[in-house]
1. Cβ neighbours within 10 Å, averaged per peptide: list 135-143, 71-79, 88-96 in order, most packed at the top.
2. Describe numerically, in nm with one decimal, the distance between label points set 7 Å from Cα along Cα→Cβ at E70 and at R171.
3. Would you mind putting 23-32, 115-124, 49-58 in packing order, based on average other-beta-carbon counts within 10 Å, highest first?
4. Taking 41 Å as R0, compute the FRET efficiency from the Cβ-Cβ separation of E43 and R123 and round it to 0.05.
5. Ordered by packing density, taken as the mean number of other Cβ atoms within 10 Å over each peptide's residues, highest first, how do 42-48, 102-108, 170-176 rank?
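Derivation of every value follows stated rules applied to the coordinates shown; laboratory data play no part. These figures come from a predicted structure and were not determined experimentally. All Cβ positions, glycine included, derive from the backbone under ideal geometry; neighbour counts span all protein chains shown.
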Amino acid sequence: MDSPAAKGLTLRSHTGVAYRFDPGALCLELLPTGGPGPYRRFEVLHEPADLAAWAERSRLTPTPVMEISEAEVTGMRELRDALFRVVIAHTHGEPHPQGDLETINEAAARPSLAPAVAPTGERQWAGTPNGTQLAATVARDAVELLTGPYAHRIRTCAAEDCNLVYVDTSRPGRRRWCSMEHCGNRHKVRALRARHSEEG
């Protein structure tokens with residue numbers, strides 16, 4: 001998994017409250033940008049600038065300065081939807097959809113972002129990266145995650161009304177919530193209210 005300087009994402013709840021969400025892997029950072037079926041209404045990848053903005057928010061370090069085409073945005077949405085279906089099947093212990101695996105594997109087989117050392121000694125990306133290389137990097141991260149030591153730790157948030165997916169990289173492996181700040185806190189508040197009403 002590609003995880004240099006994990007930043008986490010800033011998401012907003014349906015009430016507009018901002019909170020931090022670290023899904024633990026680059027490929028899982030792509031899932032909150034939309035998705036198949038009912039998740040279409042959350043779509044944020046409409047044009048090249050949207051995909052560039054996602055890359056800037058992601059854990060990729062440094063942020064790649066890319067040339068992205070409309071077709072590559074479409075390709076990234078297709079990769080994301082395939083990854084979404086594969087990951088959900090995985091968390092349910094169901095077979096991975098074959099067509100979606102092919103989409104991920106085809107993207108992973110293309111050249112990915114290549115790291116390089118800048119004259120200043122800092123890390124940079126070789127050449128002028130494009131959207132296809134970004135998709136390949138995300139797809140390779142997905143392959144690493146799904147076949148790696150944390151594959152059994154890919155989970156969906158325990159809150160009934162939250163569908164965010166994360167990989168639990170904590171040592172004890174007991175993470176239940178997308179974010180303690182959001183769903184974890186909501187659970188604590190509900191549990192406290194329930195206790196008070198029982199005592200009352």
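1. So the peptides 135-143, 71-79, 88-96, ranked by packing, come out 135-143, 71-79, 88-96.
2. 5.2 nm
3. Going by the mean number of other Cβ atoms within 10 Å, highest first, we get 23-32, 49-58, 115-124.
4. Working: r = 32 Å, r/R0 = 0.77.
FRET efficiency, E43 to R123: 0.85.
5. On the way: 42-48: 13.4, 102-108: 18.0, 170-176: 10.1.
The most tightly packed comes first, giving 102-108, 42-48, 170-176.
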